[in-house]
Amino acid sequence: MSLKHALAALLVCMALPTSALAASCPANAPEGYKWLSGYVDEYRKTGAVSSWFSESLKSHPEDYALLALKAFFDAGGDKAKARALYEQRGGSGDRFDIAMACAKQD
């Protein structure tokens, strides 16, 4: 790849919003994050939020992934609405994307 093409590719990447880049669940994510996808699966299956989720959120009220999932549930499982709601509540879009990746909803 020529320097010209490399610079052009870099400029394209820099112009993309961070939400356009695929988020991933960090390797050092808390162990409890392995349950996030289960909370979503149960919600989709039953339409109800798991009592385990509610207890987790009560125990960890500042956890961004749990807060993102709360927005997801509050938005009726609509990811775009959930992202907007999460941001209205003061969360960042990047954190929402990471949370959804951990919940395997990316």
State the extension gain, in nm to one decimal, for the chain segment bounded by Asp74 and Ser24, taking 0.36 nm per residue of separation less the distance between their alpha-carbons.
15.7 nm
Just to confirm, what accessible area per residue do you get for segment 15-89 at 1.4 Å probe, in whole Å²?
64
Checked segment 57-97 against the a/c 1.5 cut and the a/b vs b/c comparison, axes a ≥ b ≥ c from its Cα gyration tensor; verdict oblate
For segment 16-82, what % of the accessible area comes from carbon and sulfur atoms, probe 1.4 Å?
56
Protection proxy ranking, peptides 69-75, 50-56, average beta carbon neighbours within 10 Å, highest first
69-75, 50-56
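The values are calculated or read from the model by the stated rules, or taken from the named source; none is laboratory data. A quick note: this is a predicted structure, and the numbers were derived from the prediction, not measured. Because the Cβ atoms are built from the backbone with ideal geometry, glycine has one as well, and the counts that use them run over all protein chains shown. Just so you know, the surface numbers come from the protein's heavy atoms only, side chains and all, with ligands and any DNA or RNA stripped out. Shrake-Rupley method; radii C 1.70, N 1.55, O 1.52, S 1.80 Å.
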